[in-house]
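Heads up, the thing below is written out as structure tokens.
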Amino acid sequence: MSMKDEVVSRPAGQERETGSMMGGMGEQEQERGERPKRVGDRVFRYLTTTSGLVIVVAIVLIGFFLLIKAVPSLLADSTNFLTDWRFDTTGGKLAFGIRDMLVVTVLSSLLALVLAMPISLGIALFLTQYAPRSLARGFGYLVDLLAAVPSVVFGLWGVLVLGPAIEPVQRALNAGLGWFPLFSDGNVSLAGGGNIFTAGVVLAVMLLPIITSVTREVFRQTPVNQIEGALALGATKWEMVRTTVLPFGKSGFIAASMLGLGRALGETIAVLMILHTATSPSGFSFFDGGSTFASKIASAASEFSEPLPTGAFIAAGLVLFLLTFVVNAIARSIAKPKKEKA
Amino acid sequence: MAKRLDAKDLNIYYGKFQAVAEVTLAVPPRNVTAFIGPSGCGKSTVLRTLNRMHEVTPGARVEGEVLLDGEDIYAGGVDPVDVRRTIGMVFQRPNPFPTMSIKDNVIAGLRLAGVRDKSRLDEVAERALRGANLWNEVSDRLNKPGGSLSGGQQQRLCIARAIAVQPAVLLMDEPCSALDPISTLAIEDLIAELKKEYTIVIVTHNMQQAARVSDQTAFFNLAGVGQPGKLIEIDDTEKIFSNPGQQATEDYISGRFG
């Protein structure tokens with residue numbers, strides 16, 4: 001166990017790094033339990049352990065909060081929570097289902113992902129492989145800046161600029177490919193573009209910097225000897241990228257995309273501003289309106305007073321919570337086996 | 001197939017820094033030429049200009065000519081990709097492509113050159129692996145990843161990958177420096193075999209190795225830190241190690257510095 005040696009031989013002033021090794025520390029402490037502990041080491045260990053616990057406790061508490069508040073409302077629900085599209089919490093009787101919210105959330109996020117993934121991949125490749133250094137710097141900064149734009153601004157842009165601008169495209173798709181469910185007539189008017197399609201495009205722009213920046217860092221770490229190996233074999237630039245950079249960065253790119261998907265699933269204000277209210281169930285079309293989990297909850301937030309109707313929204317939040325959990329778990333499992341020998 | 005290589009008046013730069021000055025040398029075909037000299041003397045840099053790998057480093061450039069059987073590989077209109085397909089290279093640290101199988105590693109160069117015929121690829125893979133003395137060790141696991149081999153095997157895999165495309169010249173940049181003595185011996189034996197068919201240039205820190213494997217030896221040196229490296233002399237290996245023409249060479253070989 002070389003890690004142990006490292007920890008033991010580390011001088012007292014340098015505990016800063018041991019934080020990252022917290023995972024393995026417990027067993028080691030037991031192994032050499034009889035040895036005297038240095039005070040600084042002990043204090044730091046408790047500090048880092050506490051910090052680690054905060055995260056766990058927070059997640060568990062949020063989960064519990066959602067569950068406890070949601071259960072009474074779920075029990076009082078007079079319709080099927082999973083398959084009903086209506087979300088009626090007014091009046092005396094609760095009748096709420098999440099079908100359409102799930103559909104709108106997933107469709108808009110997936111559309112965003114499908115649009116953002118190839119473009120992000122292209123930007124990351126351009127920045128790391130093709131752009132001259134000076135350009136890559138400024139350009140990379142610009143991409144990061146995109147991540148700093150508040151989502152309410154993206155919402156404004158979507159409603160006022162993008163929606164009307166891509167309305168003709170949407171009409172053409174609807175007219176030409178209307179036989180395909182995703183492009184069939186939606187439950188809101190195409191006018192103004194207040195539908196999943198527009199929301200998906202806006203979300204895609206929001207995902208670009210997230211996916212790009214992570215992917216860029218992974219691509220940048222492609223071992224030089226791999227790159228030179230390919231070039232020395234007579235690979236062109238693109239062939240070099242295909243044989244070394246892409247295989248090396250693939251899992252990182254997928255993990256970055258999942259990270260972006262998590263973000264898209266939870267995006268609230270931009271989607272809320274863009275989507276028009278629907279009065280009939282979703283037909284799994286990009287031209288449907290309605291609301292996502294997040295936008296539905298946000299739009300009702302000002303009226304949370306009665307516990308039972310509020311609990312209905314919390315139940316919806318619980319589903320979103322679980323959905324993002326699953327997406328993140330998938331991202332983790334994909335990102336994990338990335339152990340390359342340099 | 002094996003070709004001769006002539007470098008003329010090479011001046012090599014990294015940005016404004018001149019790494020190597022005025023190198024002229026000739027590498028005859030089917031012959032092993034060793035580059036020796038202290039660290040930083042530019043021997044690897046010279047090697048990398050011989051297949052236009054030097055210019056992969058940002059800001060790097062080369063003045064002078066490198067003639068492959070009389071044709072300048074730095075002439076206008078010559079594609080460095082074609083040069084590297086003709087002049088193969090093996091690196092200091094074994095660098096098989098980790099996501100590819102052993103076989104795919106060997107035929108990677110042919111695939112790049114557009115060969116698709118499966119039986120031809122199988123045939124070349126076997127011939128190259130036999131040529132690199134690796135066939136007997138891996139023939140039963142050709143579809144395992146290249147990274148699953150030991151360091152010495154990985155390096156021979158890289159040699160197999162380089163010779164699979166039947167290069168006119170094979171450049172080796174300290175191919176044994178990351179290997180144990182037994183693997184080193186295997187590679188040295190292999191070099192002795194390969195020189196029957198290939199022109200080989202090898203950079204090495206190990207003078208015994210240069211003495212063992214090479215026919216001619218070039219000694220590089222630099223006057224001081226920040227000064228460009230220079231070729232001090234190039235001659236038959238026997239002569240360099242027994243009766244060198246320059247005092248600096250003798251000092252280096254006898255271990256008086258470096």
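All of the numbers you see were taken from the coordinates with simple rules; none came from a lab. Just so it is clear, the structure is predicted and the values come from calculations on it, not from any experiment. FYI the Cβ positions are ideal-geometry reconstructions off the backbone, even for glycines, and counts take in every protein chain you see.
Pairing each residue of segment B:46-66 that is without any contact (Cβ under 8 Å) to a residue 60 or more places away in the chain with any residue that is of a type in the set (Asp, Glu) and not in a helix (DSSP H, G or I), provided the two are 6+ apart or on different chains, yields C-beta distances under 8 Å for B:GLU63/B:ASP9; B:GLY64/B:ASP9; B:GLU65/B:ASP6; B:GLU65/B:ASP9; B:GLU65/B:ASP72.
Considering A:LEU53, A:LEU47, A:LEU82, which residue is assigned to a loop (DSSP other than H, G, I, E, B), out of contact with any Leu (no Cβ under 7 Å at 6 or more places or on another chain) and of a type outside the set (Val, Ile, Thr)? Give the derivation first.
On the way: A:LEU53 fails: assigned to a loop (DSSP other than H, G, I, E, B); A:LEU47 fails: assigned to a loop (DSSP other than H, G, I, E, B).
Exactly one of A:LEU53, A:LEU47, A:LEU82 is assigned to a loop (DSSP other than H, G, I, E, B), out of contact with any Leu (no Cβ under 7 Å at 6 or more places or on another chain) and of a type outside the set (Val, Ile, Thr), namely A:LEU82.
State yes or no: is B:VAL165 among the hydrophobic types (A, V, I, L, M, F, W, C) and within 14 Å of chain A (Cβ to nearest Cβ)? Spell out how you get there, then give the answer.
On the way: among the hydrophobic types (A, V, I, L, M, F, W, C): yes; within 14 Å of chain A (Cβ to nearest Cβ): yes.
So B:VAL165 passes the test.
Residue count for segment A:223-242 under the criterion of being hydrophobic (A, V, I, L, M, F, W, C) and either within 28 Å of the chain's Cα centre (by Cα) or at the interface with chain B (Cβ under 7 Å from one of its Cβ atoms) (or both): the result is 5.
Scanning segment A:284-306 for residues that are surrounded by fewer than 17 Cβ atoms within 10 Å (Cβ to Cβ) and touching a helix residue (DSSP H, G or I) at 6+ places or on another chain (Cβ under 7 Å) gives A:PHE284, A:ALA298, A:SER299, A:PHE304. Please verify whether B:THR49 is within 14 Å of another protein chain (Cβ to nearest Cβ), crowded, with 22+ Cβ neighbours inside 10 Å and over 30 Å from B:ASP180 (Cβ atoms), treating the condition exactly as stated. Against the criterion (within 14 Å of another protein chain (Cβ to nearest Cβ), crowded, with 22+ Cβ neighbours inside 10 Å and over 30 Å from B:ASP180 (Cβ atoms)), B:THR49 qualifies. Can you tell me which residue is farthest from B:GLY40 (Cα to Cα) among those in segment B:230-257 that are part of a strand (DSSP E or B) and of a type in the set (Val, Ile, Thr)? So, considering only residues that are part of a strand (DSSP E or B) and of a type in the set (Val, Ile, Thr), the one farthest from B:GLY40 (Cα to Cα) is B:ILE234.
For segment B:162-175, a residue qualifies if it is in contact with a Gly (Cβ under 6 Å, 6 or more places away or on another chain) and not in a loop (DSSP other than H, G, I, E, B), and the qualifying residues are B:ALA162, B:ILE163, B:LEU170.
Taking the residues in segment B:82-100 that are polar (S, T, N, Q) and under 24 Å from B:HIS205 (Cα atoms) as candidates, determine which candidate is nearest to the other protein chains (Cβ to nearest Cβ). Can you show your working first?
Of segment B:82-100, the ones polar (S, T, N, Q) are B:86, B:92, B:95, B:99.
Remaining after also requiring under 24 Å from B:HIS205 (Cα atoms): B:92, B:95.
Numbers: B:GLN92: 8, B:ASN95: 4 Å.
Here the answer is B:ASN95.
Looking at the structure I just gave you, is B:SER39 in a helix (DSSP H, G or I) and more than 14 Å from chain A (Cβ to nearest Cβ)? So B:SER39 does not fit the description; no.
Kindly provide the set of residues from segment B:218-254 that are of a type outside the set (Phe, Trp, Tyr), surrounded by 17 or more Cβ atoms within 10 Å (Cβ to Cβ) and under 20 Å from B:VAL32 (Cβ atoms), ordered by number. Step through it out loud before you land on a result.
Step one: list which residues in segment B:218-254 are of a type outside the set (Phe, Trp, Tyr), which gives B:218, B:221-240, B:242-251, B:253-254.
Now restrict to residues that are surrounded by 17 or more Cβ atoms within 10 Å (Cβ to Cβ): B:218, B:221-222, B:228-235, B:237, B:240, B:244, B:248-249, B:253.
B:ALA218, B:LEU231, B:ILE232, B:GLU233, B:ILE234, B:ASP235, B:THR237, B:ILE240, B:PRO244, B:THR249, B:ILE253 - these are the residues of segment B:218-254 that are of a type outside the set (Phe, Trp, Tyr), surrounded by 17 or more Cβ atoms within 10 Å (Cβ to Cβ) and under 20 Å from B:VAL32 (Cβ atoms).
Figure legend. Inter-residue proximity from segment A:189-212: first residues at positive phi, second residues not β-branched (Val, Ile, Thr), beta-carbon distance below 7 Å, spacing 6+ or different chains. Indicated pairs: A:GLY192/A:GLY163; A:GLY192/A:PRO164; A:GLY192/A:GLU167; A:GLY193/A:GLY163; A:GLY193/A:PRO164; A:GLY193/A:GLU167; A:GLY193/A:GLN170. Within segment A:243-264, at least one residue is assigned to a helix (DSSP H, G or I), within 14 Å of another protein chain (Cβ to nearest Cβ) and of a type in the set (A, V, I, L, M).
Condition check ((1) among the small types (Gly, Ala, Ser); (2) more than 14 Å from every other protein chain (Cβ to nearest Cβ); (3) touching a Lys or Arg at 6+ places or on another chain (Cβ under 9 Å)) across all residues:
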| residue | (1), (2), (3) |
| --- | --- |
| B:ASP140 | no, yes, no |
| B:ASN143 | no, yes, yes |
| B:ILE159 | no, no, no |
| B:ALA210 | yes, yes, no |
| B:ALA223 | yes, yes, yes |
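Within segment A:172-200, can you find the residues that are assigned to a helix (DSSP H, G or I) and surrounded by fewer than 23 Cβ atoms within 10 Å (Cβ to Cβ)? Walk me through it before giving the result.
Kept after step one, since they are assigned to a helix (DSSP H, G or I), are these residues of segment A:172-200: A:172-177, A:181-183, A:191-193, A:196-200.
Across segment A:172-200, the qualifying residues are A:ALA172, A:LEU173, A:ASN174, A:ALA175, A:GLY176, A:LEU177, A:PRO181, A:LEU182, A:PHE183, A:ALA191, A:GLY192.
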